[in-house]
């Protein structure tokens, strides 16, 4: 489902746009939100599902979640407008859980199993039957049949079939989940184990039925703007290329000011500070006090490590993430301002809700949600004049490179090489939580002693986060150009100190 603009994508983005319009326009929210499902899904005939009423009911839940409201109980009547007036506030708003399953949108996909298709030729050798360790395959009427009660899902039958006639069927959301947090409830619908979930958002972008949704703060952010208080946007490095070919990095500040932001700050500044801090941590701790060190900037990666490998938790760098470092720096200069992090990541919403972070970051929006604001205010990048361009030139090339897999480790390694040119620095990185788990398993076994470990919860890095709009491969090329265009390359060349906001003399 990634990188394919589908009806699911279309509805999701229309919801963000309409919620943004609702907040900008104000008025009678209760009356307006009741009419929005009919605007998003117009007409009399169902286009996407078997019933237009079902589609509108799903849109209602999406609207509520985008506003930060909880889903309604399916067992009793509640209006889509319940709670909306109370949520029209200029502060962070939503209760956990962050990631939700709309049960009546879920297809109740079967759990993982192997299935013999019509491509089976009933071959004489029937290697699938011969290799099955549990004798779960029989030849019936000349075709292979798998007894699912005996099958242990080892996949050996699939690997030997000469016709590729055996398919591995997996529920897309569960397949995308690197934490094995998704199973089935009593009705076969998807269920999230929140003790395992790290809110990476991979399930919600891989569900082809649009049944999984994260909560948002667009509504509250716009209300904060309407109070007249400064709202400062912190833009993650992965923003490059997210808003179309006309949306050059030079135009992002002007475009966001048209939305109501007071100013825009490049989070690559905080990435530089993070790289310097992690480099110093590594030089101080490895191997003197610990066998290896893992980077800390990806919240899904670090939370996963602490959940599954608690004994390795002390080996994760204590450096604050680029979002938090940048936010604290800006808050120091503008203590009365609201801080809004704009990035590719659903897990950043969870990070910003932590007790130690919530006072630094007031709102978190994804690039998709920001695009909804651009659409709501009809902001066109091609309309921005050259005179309005304000290049974001404060981050170094290495700070900007945090957006792609391997970029964090490279930035840290580059700092280490500058501080101690004689020091050998060995690096290993993994992308996607499944691969990250394998990486830590090997580290636990002592395979990476002396190494710097980088983990990214999303395959490809931040450019493939759950809130992105652009193909990750295309984004990687654009980020590479953005890195090369940076006036300074090494994080140590940043004009900011780790003392948060004190500019070097």
Completion exercise
Contact list, first residue from the range 342-360 and outside the structural domain of residue 324 (by TED's automatic domain parsing), second anywhere and crowded, with 24+ Cβ neighbours inside 10 Å, beta-carbon distance below 9 Å, six or more apart or interchain, is none
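Residue check: is residue 103 within 30 Å of residue 33 (Cα to Cα), surrounded by fewer than 18 Cβ atoms within 10 Å (Cβ to Cβ) and out of contact with any helix residue (DSSP H, G or I) (no Cβ under 7 Å at 6 or more places or on another chain)? Before the answer, list the steps.
Values: within 30 Å of residue 33 (Cα to Cα): yes; surrounded by fewer than 18 Cβ atoms within 10 Å (Cβ to Cβ): yes; out of contact with any helix residue (DSSP H, G or I) (no Cβ under 7 Å at 6 or more places or on another chain): yes.
Yes; evaluated as a whole, the condition is true for this residue.
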Practice task
Could you tell me which numbered condition residue 443 fails, if it satisfies all but one of (1) closer than 30 Å to residue 261 by Cα; (2) surrounded by 16 or more Cβ atoms within 10 Å (Cβ to Cβ)?
Solution key: (1)
Exercise for the section: Go through the residues of the range 70-80 one by one and say whether even a single one is part of a helix (DSSP H, G or I), without any contact (Cβ under 8 Å) to a residue 40 or more places away in the chain, under 19 Å from residue 369 (Cα atoms) and in the same structural domain as residue 185 (by TED's automatic domain parsing). Expected result: no
Problem - Candidates 36, 65 - the one that is assigned by TED's automatic domain parsing to the domain that holds residue 194 and in contact (Cβ under 8 Å) with a residue 60 or more places away in the chain - result: 65
Practice task
Determine whether the range 194-204 contains at least one residue that is more than 26 Å from residue 432 (Cβ to Cβ), within 35 Å of the chain's Cα centre (by Cα), in contact (Cβ under 8 Å) with a residue 12 or more places away in the chain and in the same structural domain as residue 13 (by TED's automatic domain parsing).
Solution key: no
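Of all residues being in contact with a strand residue (DSSP E or B) (Cβ under 9 Å, 6 or more places away or on another chain) and part of a loop (DSSP other than H, G, I, E, B) in the range 398-429, which is farthest from residue 440 (Cα to Cα)? Just the residue, please.
Taking the range 398-429 first, the residues in contact with a strand residue (DSSP E or B) (Cβ under 9 Å, 6 or more places away or on another chain) are 399-400, 404-410, 412-413, 416, 425-429.
Still in the running and part of a loop (DSSP other than H, G, I, E, B): 404-406, 425.
Numbers: 404: 20, 405: 16, 406: 16, 425: 18 Å.
Among those residues, the one meeting the criterion is 404.
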Practice task
Answer yes if at least one residue in the range 311-331 is without any contact (Cβ under 8 Å) to a residue 40 or more places away in the chain, assigned to a helix (DSSP H, G or I), more than 23 Å from residue 410 (Cβ to Cβ) and out of contact with any helix residue (DSSP H, G or I) (no Cβ under 9 Å at 6 or more places or on another chain), and no otherwise.
Solution key: yes
Completion exercise
A careful count of residues in the range 192-218 that are in a helix (DSSP H, G or I), in contact with a helix residue (DSSP H, G or I) (Cβ under 6 Å, 6 or more places away or on another chain) and buried (at least 24 other Cβ atoms within 10 Å of the Cβ) gives 3
Exercise for the section: Return yes when residue 157 is touching a helix residue (DSSP H, G or I) at 6+ places or on another chain (Cβ under 6 Å) and either surrounded by 14 or more Cβ atoms within 10 Å (Cβ to Cβ) or assigned to a loop (DSSP other than H, G, I, E, B) (or both) and no when it is not. Expected result: yes
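Restricting to the range 369-397, give me the number of residues that are closer than 18 Å to residue 221 by Cα and not in a loop (DSSP other than H, G, I, E, B). It would help to see each step written out before you state the result.
As a first pass, look at the range 369-397 and keep what is closer than 18 Å to residue 221 by Cα: 369-379.
Now restrict to residues that are not in a loop (DSSP other than H, G, I, E, B): 369-376.
Residues flagged as closer than 18 Å to residue 221 by Cα and not in a loop (DSSP other than H, G, I, E, B) within the range 369-397 amount to 8.
The values are calculated or read from the model by the stated rules, or taken from the named source; none is laboratory data. Bear in mind the structure is a predicted one, so any value in this text is a computation, not a measurement. Neighbour counts run over all protein chains shown; Cβ positions are idealised from the backbone, glycine included.
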